[in-house]
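These notes concern the structure reproduced below.
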Amino acid sequence: MTKYFKVVRSYDLSSCCLNDDFPNEFRVFYKLNEWVSPVIENTRLFVFKTLDDARCFISSEYFSHGTISIYECEVKNPQKVKYMARVYLIQNYWKKIFEARKNKKKTDLYDVIRYDTPKNTYSATQIKLLREVK
């Protein structure tokens, strides 16, 4: 089993990301030792390949000290992720995604500016949290 690392909110084990400005009903809540899938069908969940990369991610000024935890985890179908939408455009991104899903159509996201993901970011179809890393 290859180890991966998931960054979550300490108080409820929910999704934690820089693009955190999305409707709460789409937030993923993790459970220890249970496989969890994305709330939005046909999307993926994010993890880090190394503990150092997860720690570097949470050292950002975006996160309050003590409100974020790192868990070692198992994943299904990991894939390297290279790009993500810019934080200040995330509302536009989610609006387009939700409209496209509602209308069952593909959407043009070319006007959503992308930038490199944090180092060693991977996505997976499912994640199982194994243990908290101190």
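Cα-Cα over 26 Å: which of LYS76/LYS119; LYS31/LYS96; LYS49/LYS104; LYS3/LYS82; LYS3/LYS134; LYS3/LYS95?
Result: LYS31/LYS96; LYS49/LYS104; LYS3/LYS95 exceed 26 Å.
What are the residues whose amide H is under 5 Å from the amide H of GLN126, where those residues sit 5 or more places off or on another chain and H is modelled from the backbone?
LYS76
If Lys and Arg each add +1 and Asp and Glu each add -1, what is the summed charge of the other residues whose beta carbon sits under 11 Å from the beta carbon of VAL39?
Taking every other residue near VAL39 into account, the sum is -1.
How would you rank 41-48, 75-82, 122-129, highest first, on the average number of other Cβ atoms within 10 Å across their residues?
Values: 41-48: 17.5, 75-82: 13.6, 122-129: 19.8.
Taking the mean over residues of other Cβ atoms within 10 Å, the ranking is 122-129, 41-48, 75-82.
Quick note: the coordinates plus some simple rules give every number you see, no bench work behind them. Everything quoted here is computed from the prediction, not taken from an experiment. Quick reminder, even Gly has a Cβ in these numbers, built from the backbone with ideal geometry, and neighbours come from all protein chains shown.
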